[in-house]
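Notes follow once the structure below has been shown.
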Amino acid sequence: MTKVLLSAKNLSHHYGSQVGCVDVNFDIYPGEVLGVVGESGSGKTTLLKNISGLLRPSSGSVKFDTRVDGLKDIYLLSEPERRLLMRTDWGIIFQNARDGLRMNVSAGANVGERLMAIGARNYGDIRNEATDWLQNVEIGLERIDHYPETFSGGMLQRLQIARNLVTKPRLVFMDEPTSGLDVSVQARLLDLIRGLVSQLSIACVIVSHDLGVMRLLSNRLIVMHQGRVVEQGLTDQVLDDPQHPYTQLLVSSILPV
Amino acid sequence: MEKIKDDMLRIDNLEKTFLLHNQGAKELPVFQNISFQVKAGECLVLTGASGTGKSTLLRAIYANYLVQSGKINIRHEDKWVDLASASPHEVLDIRKKTLGYVSQFLRVIPRISTIDLVCEPLIEQGKLIKPAKGQAKKLLNKLSIPESLWELPPATFSGGEQQRVNIARTLIQDYPILLLDEPTASLDENNRDAVIELINEARNRGTAIVGIFHDKYVRESVGTKMFNVELAKKAA
């Protein structure tokens, strides 16, 4: 088997006396999509922040397979090293696209900026790459110089994806990437994420409460309840033959269409 | 000829019980002590009345359902792997290369055209789009899916059409082991015969098959041996 890309060990996070997540363990391998499900307040987003360098966990470790030194604890890296990692090998897709975009620069610049952050300097090349990526995420080229402020919710989310994937990261974190979008836009976005992730063979951690999204996108699933991982396994196995009482409740609560 | 004699699948003392936590921890035993072997080029037909657990058994062999005990030994790239205790990554690898499964119903993916859906397993294997599409077209033709439908997502297709797309999606790849759950259930005679032909072609190539076929004609056309799940349960 290929080597681990990211490894979370005994991860816990507390907000004062409030529990974020407790004793979480998992590994992510290159090219696989890991889904994290659970109801609101179950600790999904806290976990995602912990493993993506946004929030230092109260205890436990998060190790990432860095290109130069192999597996290293991301919270033991220096701040510039961690920043570099986040700009190059990682992508973070926020639930609210405005958190992940710069709203006061054009769409093209939003995509180009990440390229410049990893050293691209030729304006023509950057512009071409940005153009390619806007096409990949189905944003019309006539919009390249427009501000994101003028975009719809679905377009903002697609722009955020282009901005993150342009540097060909090895690992992308997504927090509820499709919530708040209407279903037709959601289907388009899911199709896009699904295609890009498998073409570029990017590893992904996706947090969502939508089990349909999970079945479509993820290979493996982690089920969280009250901050703890109560079940994990192959996505279709967890959804079709859930073992834990909470997972059984979750799966049986889906409304059939 | 050596290939034909080899065991591909060895099921050993399989036991499955559902535990329904939200219905007062109700236990639902499905089967126990199920054992059989399937060799390359054989087609084992699972028999028994509706509700005896044939589909559950098939899903357990695909590792879609967890089993309480027993072994599901699969010959994967000339090594034996027990699916019941394999890691998720091993299971995914086995499903990608060795073990194919045709479910009773097609799982439609929004916005994905029929032809793309059918060639997806080949693309995932790293095959180029053009030859993969060529293969998909051949198969769709054989299963009488009209060319006018190929670019459409199959969500709006009839039950029989969806089932044929489902079959094409699995049979496009040369899996050494195939699990078939009622692949001919809602097909007319011509299409049924086309599917029988495809199954027999696979079997003649040395594929080991485990299937559920309610239609006696299909059973007799493709099956090489029977396994009665009901009797096996009683004997246990």
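The values are calculated or read from the model by the stated rules, or taken from the named source; none is laboratory data. All of these numbers come straight from a predicted model, not from anything done at the bench. Neighbour counts are summed over all protein chains in view; Cβ atoms, including those assigned to glycine, are modelled from backbone coordinates with ideal geometry. Side chains are part of the model used for accessible areas, which takes the heavy atoms of the whole protein and leaves out ligands, DNA and RNA. Shrake-Rupley method; radii C 1.70, N 1.55, O 1.52, S 1.80 Å.
Table for the structure above
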read-out	value
Residue match in segment A:218-232 (condition: open to solvent by less than 40 Å² (accessible area, probe 1.4 Å), in contact (Cβ under 8 Å) with a residue 40 or more places away in the chain, within 13 Å of chain B (Cβ to nearest Cβ) and part of a helix (DSSP H, G or I))	no
Leading residue by the ranking (nearest to A:S201 (Cα to Cα)) among those in segment A:47-77 that are open to solvent by less than 50 Å² (accessible area, probe 1.4 Å) and free of Cβ contacts under 8 Å to residues at least 40 places away in the same chain	A:T66
Answer residue from segment B:179-213, given it is within 12 Å of the chain's Cα centre (by Cα) and farther than 14 Å from B:T224 by Cα and is surrounded by the most Cβ atoms within 10 Å (Cβ to Cβ) among those	B:L180
Residue check, A:V213 in a strand (DSSP E or B) and among the β-branched types (V, I, T)	no
Sole exception among (1) part of a helix (DSSP H, G or I); (2) more than 15 Å from the chain's Cα centre (by Cα); (3) not basic (K, R) for B:E151, by number	(1)
Qualifying positions in segment B:120-138 - closer than 15 Å to B:R164 by Cβ and open to solvent by less than 20 Å² (accessible area, probe 1.4 Å)	B:A136
Residue count for segment B:169-217, restricted to those that are assigned to a helix (DSSP H, G or I) and either farther than 23 Å from B:P154 by Cα or hydrophobic (A, V, I, L, M, F, W, C) (or both)	14
Qualifying positions in segment B:74-116 - on the phi < 0 side of the Ramachandran plot and of a type in the set (D, E, K, R)	B:R75, B:K79, B:D82, B:E90, B:D93, B:R95, B:K96, B:K97, B:R107, B:D116
Residue match in segment A:236-252 (condition: away from every other protein chain (no Cβ under 11 Å) and either at pLDDT below 95 or outside any loop (DSSP other than H, G, I, E, B) (or both))	no
Filtered residues of segment A:126-175 (kept if in contact (Cβ under 8 Å) with a residue 40 or more places away in the chain, open to solvent by 30 Å² or more (accessible area, probe 1.4 Å) and assigned to a helix (DSSP H, G or I))	A:N136, A:E149, A:G153, A:R163
Where A:R194 falls short, out of the listed (1) within 10 Å of chain B (Cβ to nearest Cβ); (2) touching a residue at least 40 places away in the same chain (Cβ under 8 Å); (3) of a type in the set (K, R)	(2)
Test: A:V213 is closer than 21 Å to B:I109 by Cβ, of a type in the set (V, I, T), buried (at least 20 other Cβ atoms within 10 Å of the Cβ) and within 12 Å of chain B (Cβ to nearest Cβ)	yes
Qualifying residue in segment B:139-152 (condition: surrounded by 14 or more Cβ atoms within 10 Å (Cβ to Cβ), in contact (Cβ under 8 Å) with a residue 12 or more places away in the chain and either within 27 Å of B:G51 (Cα to Cα) or of a type in the set (K, R) (or both))	yes
Segment A:103-113, residues that are out of contact with any helix residue (DSSP H, G or I) (no Cβ under 6 Å at 6 or more places or on another chain) and touching a residue at least 24 places away in the same chain (Cβ under 8 Å)	A:N104, A:V105, A:S106, A:E113
Flag if A:G38 is of a type outside the set (F, W, Y) and without any contact (Cβ under 8 Å) to a residue 12 or more places away in the chain	no
Condition check for A:A187: part of a helix (DSSP H, G or I), of a type in the set (A, V, I, L, M) and over 17 Å from the mean Cα position of the chain (by Cα)	yes
Sole exception among (1) within 14 Å of another protein chain (Cβ to nearest Cβ); (2) under 30 Å from A:D65 (Cα atoms); (3) open to solvent by 20 Å² or more (accessible area, probe 1.4 Å) for A:Q186, by number	(2)
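Let's see how each residue does on (1) open to solvent by 40 Å² or more (accessible area, probe 1.4 Å); (2) in contact with a Pro (Cβ under 6 Å, 6 or more places away or on another chain):
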| site | (1), (2) |
| --- | --- |
| A:P177 | no, no |
| A:Q199 | yes, no |
| A:C204 | no, no |
| A:V207 | no, no |
| A:D240 | yes, no |
| A:Q248 | no, yes |
